[in-house]
1. Tell me: how much accessible area in total is hidden between A and B, 1.4 Å probe, Å², nearest 100?
2. Quick check: net charge around residue A:118, other residues with Cβ under 14 Å of its Cβ, Lys/Arg +1 and Asp/Glu -1?
3. Through the Karplus equation 6.51 cos²θ - 1.76 cosθ + 1.60, θ set to phi - 60°, convert the phi angles of segment B:20-34 into ³J(HN,Hα) values in whole Hz; use x for Gly and Pro.
4. Using a Förster distance of 51 Å, how high is the FRET efficiency between residue A:12 and residue B:11, based on the Cβ-Cβ distance and rounded to 0.05?
5. Students sometimes get this wrong: rank B:105, A:42 by accessible area, probe 1.4 Å, all chains present, largest first.
6. At 1.4 Å probe size, with no ligands or nucleic acids counted, give the accessible surface of residue B:87 in Å², nearest ten.
7. Give me the one-decimal nm value for the distance between modelled label points at residue B:94 and residue B:60, 7 Å along each residue's Cα-to-Cβ direction.
8. So what does residue A:21 come to for accessible area, using a 1.4 Å probe and Å² rounded to 10?
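The values are calculated or read from the model by the stated rules, or taken from the named source; none is laboratory data. No experiment lies behind these values; they were computed from the predicted model shown. Cβ placement follows ideal geometry from the backbone for every residue including glycine, while neighbour counts extend to all protein chains displayed. Side chains are part of the model used for accessible areas, which takes the heavy atoms of the whole protein and leaves out ligands, DNA and RNA. Shrake-Rupley method; radii C 1.70, N 1.55, O 1.52, S 1.80 Å.
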Amino acid sequence: MKIEARLKELGITLPDPGPPMGTYVHAVQTGNLVYLAGKGPFDPKGGPMPSGKVGGTVTIEKAYQDARTVGLTLIAVLKNHLGDLDRVNRVVKVLGMVNAVPEFGDQPKVINGCSDLFVEVFGDKGRHARSAVGMGSLPMNITVEIEAIVEVK
Amino acid sequence: MAKVEARLKELGITLPPVPAAAGNYVHAVQTGNTVYLAGKGPLAEPGKPRPSGKVPKDISVKDAYKHARSVGLVLIAVLKEFLGDLDRVERVVKVLGMVNGTPEFGEQPKVINGCSDLFVEVFGEKGRHARSAVGMGSLPSGIPVEIEAIVEVK
């Protein structure tokens with residue numbers, strides 16, 4: 001279990017992603033692609049998810065950490081779906097959505113929180129195509145939501 | 001000369017250089033015969049700063065259409081760099097066109113047509129794609145348009 005060893009090395013404990021918050025599932029596989037539902041910065045301790053507008057009440061640095069937290073949740077969802085994270089062949093595509101003020105322009109710096117994590121954990125297999133964009137609003141006013149497409153074996 | 005290259009020449013199109021990625025991501029990832037392209041923004045017109053602002057408050061629908069076309073050129077340039085030969089494009093499958101619009105803006109399709117029209121001009125029937133054209137609350141560096149695409153290749 002290479003990836004599990006890598007997570008341990010990085011001192012990462014994966015959170016429990018919890019149940020979906022609507023009529024959807026966390027992950028659907030078609031062929032060797034897994035589509036992951038959009039996730040927020042889920043607090044494994046059960047606290048409220050961080051909320052607010054980035055560029056307004058939320059700093060880029062805080063939102064970067066939130067994006068990393070989302071990445072951890074996405075990896076946890078993948079582990080539950082696949083059983084073994086070594087089955088990840090490539091993170092193909094990430095859509096990073098930032099709950100930002102209308103004038104905000106640093107979405108890439110925020111979503112790097114998730115992208116950096118994927119590369120730390122999966123190495124070159126974690127390098128993905130990406131769009132990092134600003135949304136007018138997000139569920140429960142969370143700061144960041146991210147969805148991903150992953151090739152598996 | 002390759003067919004799509006000849007078509008570009010016929011249209012008087014010179015592809016722009018592929019810009020550096022603005023973050024920890026890559027421009028394109030292939031899985032099977034599908035290539036996922038990262039979202040790209042428009043290039044600066046000669047002698048002008050890179051376009052930024054909200055449609056239609058700061059940038060007209062007509063200008064935003066041109067910027068969407070510019071994004072399309074960047075996406076084709078990325079594809080060429082990734083594939084080597086644009087004749088390997090079998091079908092543009094899906095486009096997500098994102099417009100940095102004011103909250104009341106409703107003409108996203110007219111803007112994103114700038115990219116879609118280009119794809120059909122360049123690739124013909126193979127350029128016809130499924131699409132969503134939507135409004136975003138904000139975009140990186142205030143660009144008026146960002147577009148990502150999924151392309152089937154051979």
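1. Details: alone 7560 and 7780 Å², together 13390 Å².
It comes to approximately 2000 Å² buried between A and B.
2. +4
3. Calculated HN-Hα couplings, in order: 5, 5, 8, x, 7, 8, 10, 6, 8, 10, 9, 10, x, 9, 10 Hz.
4. Numbers: r = 50 Å, r/R0 = 0.98.
My answer for the efficiency is 0.50.
5. Working: B:105 25, A:42 55 Å².
Correct descending sequence by accessible area is A:42, B:105.
6. Rounded to the nearest 10, the figure is 40 Å².
7. Between residue B:94 and residue B:60, the label points sit 3.5 nm apart.
8. 120
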